[in-house]
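Read the structure below first, then the notes.
The values are calculated or read from the model by the stated rules, or taken from the named source; none is laboratory data. As the structure is a prediction and not an experimental result, all values here were calculated from the model. Backbone-built Cβ (ideal geometry, glycine too); neighbour counts: all protein chains shown. Each accessible area value is taken on the protein alone, full model and side chains, heavy atoms only, with ligands, DNA and RNA left out. Shrake-Rupley method; radii C 1.70, N 1.55, O 1.52, S 1.80 Å.
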Amino acid sequence: MTIEKVFAHLVYPNFKDELDVSFTASEVPLSGKLFGMIKEVYDKTPSECDVEIKFRSENQSNEVRDSLIKFFKKRSAKSAGKLAKRLALHTTGRSKLGLFFVILGKDGGKDIVVLSRFPTDSAILADEKGGSLTVEFLEKVFVKKWSSYKGAYFTNKPGKSSFWSGWVVDRQINAPT
């Protein structure tokens, strides 16, 4: 499975109005330590996602499927942002701020979209330099915890008349808040 593009978005929970949601997005470089972590998520998601989703026909009206197809055609931060916006509009106040990745790839002849959301946390950074220790409180830290994330894996068969299949996992639903 190869990755072609990765987009990252902050997803704020509990928005009531689509007009209140604005997003800054980042296209993640396809190299480096962050990409290594994202590649691990991408490779692991198909085996982790254990709840199947089926779009039964091309004529089925489904907002998520339509957004995925638009994203796949445009392959842009803006079209990935529409998926992030939908997630924000449907995320309850129980969830914390999330870091949302939209990962576009291929596996053989199949197109792949992996959606992955990690919750925010706080942390303490301790840095030792020149015989002294600096300690700093950090907010908006996203920790890779396999026990606390949400993911979705969608695939299609190439061609105009194809439709999507997908699988999801929610490891945050019963996680402590």
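Here are the numbers:
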{"quantity": "Peptide ranges 123-136, 101-114 listed from the most packed, as the mean C-beta count within 10 angstrom indicates", "calculated": "101-114, 123-136"}
{"quantity": "Listed pairs K70/K140; K73/K140; K5/K54; K73/K96 exceeding 27 Å between Cα atoms", "calculated": "K70/K140; K73/K140; K73/K96"}
{"quantity": "Accessible surface ranking that places the most exposed of Y153, Y12 first, with a 1.4 angstrom probe", "calculated": "Y12, Y153"}
